[in-house]
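A quick write-up on the structure given underneath.
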Ligand code: URA
């Protein structure tokens, strides 16, 4: 069996790891079954001097949409446009549905309860939230947190989401929940049929999984999502 562990687990690039965390890590390595192979994963890690050639294009896109009026959501109570967050050079991109109340207030995607759960999932993957990119199909809050209408998601994905993807060019996309799956892959796809399998989205490997808001209502499915995240990690390490 080959288990791929990520490079950032290594203390010399995570100087703030405590002695305890390191001890736990070495204990983990020692406990692995016979045949375990430790493979350093070469996922790029954001550091203050990592060159970031994609950021200016992302900034430009964000600037263009800050007062977007392209769909009805512009006049349905949004307080601001909520653009994606994270690293422009990320290899992993999470795509959710649309901002909720907290996201609309704070101007960042996935910062409410569902966002906190997504942060826990990312931490459990032993990834750093600063090294991934997190965005939504629609960038404005739908009233009463309803799902975006086809016209809204259609407009927003053409104007923004597809451009974000093409700038970042992630190695793996993880679509969170039904709205993201339908927006990216087509209305005919039911999450129950496609969850957990890699599909092709314009040449990008895309893994559909449950939305963290669904997991808050159905905590038993966290295990399923964890299995999906292991597939994401394996794909990143390929
Ligand atoms: N749900 C989403 O799909 N996106 C967010 O940003 C927050 C909750």
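The values are calculated or read from the model by the stated rules, or taken from the named source; none is laboratory data. What you see is a predicted model, and the numbers here were worked out from it, not measured in a lab. Cβ: placed from backbone, ideal geometry, glycine included. Neighbour counts: every protein chain shown.
Details
- Within the range 133-146, the set of residues being in contact (Cβ under 8 Å) with a residue 12 or more places away in the chain and within 14 Å of the ligand (Cβ to nearest atom) comprises 133, 134, 135, 136, 137, 138, 139, 140, 141, 142, 145.
- Pick from the range 170-209, criterion under 20 Å from residue 234 (Cβ atoms) and free of Cβ contacts under 8 Å to residues at least 24 places away in the same chain, ranking: nearest to the ligand (Cβ to nearest atom): 194
- Filter result (modelled with pLDDT of 95 or more and part of a helix (DSSP H, G or I)) within the range 124-143: 124, 143
- The set of residues in the range 56-71 being surrounded by fewer than 15 Cβ atoms within 10 Å (Cβ to Cβ) and assigned to a helix (DSSP H, G or I) consists of 56, 59, 60, 63, 64.
- Subset tally (residues that are part of a loop (DSSP other than H, G, I, E, B) and either within 9 Å of the ligand (Cβ to nearest atom) or modelled with pLDDT under 95 (or both)) for the range 90-122: 9
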